[in-house]
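We did not get these values from a lab; they are worked out from the coordinates using the rules stated. Just so it is clear, the model here is predicted, and its values are computed rather than measured. Here the Cβ positions follow ideal geometry from the backbone for every residue, glycine too, while neighbour counts run over all protein chains shown.
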Amino acid sequence: LEAYLTADTMAINGMTAPMPTAGCMGEWMTGHIAYIEAQVAAKSSTDVFWHQVGCLMQQLRGLADGYMAKRSTVGNGTALPPLTYREVFNYNFAAEWGDVATMCYSSDSAALRRPPRDTHCSALIKITPDDLYVAHDTWGGYGFLKHRVFKVYELQSTVTMSAYIATIASGDDWYQTSNQLAVQETSNDIMNTTLFKA
């Protein structure tokens, strides 16, 4: 439903722009998706973690399906460019692409000295005698607002989050749940490039 209702914005947002499908990055992503799908197929019926991962993969497929359903109803399918599940997966993987690129394009990962990348958010936690305060700041200009949504997932508990159209996670890494749990994190870049060997 989300993708059906926001298909125009998904197309404008560049989701249908070409993503690496060949070379080191494309091969890594193909292997990554294949690994996830194999683990889900083998373990989702007995392992809670892989069952949940399978649900997330289905949610990504649902975004692609909803977009394509909308595409088929608008202008005989020509008003919107086509969108694949792989493109939706890639879009949701955006925060990790920099690390994959660094791993792929470094001839000697141990010697690579990459300057810190721009990060996306910061968080503040303050404990007082009576309460716990949390605050979160997303480092984005006002132009990003056209792609923003506030999502509410009602599952076993309700989860609310600041997010982006066509993403299944916050992207800002800020959540609140109906069981009085606040979840936030800030980006931790990989500065020890020897880790890319793993």
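May I ask you to order 148-158, 124-134 by the average number of other C-beta atoms within 10 Å around their residues, highest value first? Display every interim value, and only then the final one.
On the way: 148-158: 11.6, 124-134: 8.5.
Peptide ranking by packing, descending: 148-158, 124-134.
If you take the alpha carbon radius of gyration of segment 25-103 and divide it by 2.2 N^0.38 Å, what ratio comes out, to two decimals? Mind dumping the intermediate values first?
Working: Rg = 15.0 Å, N = 79, 2.2 N^0.38 = 11.6 Å.
Normalised Cα radius of gyration, segment 25-103: 1.29.
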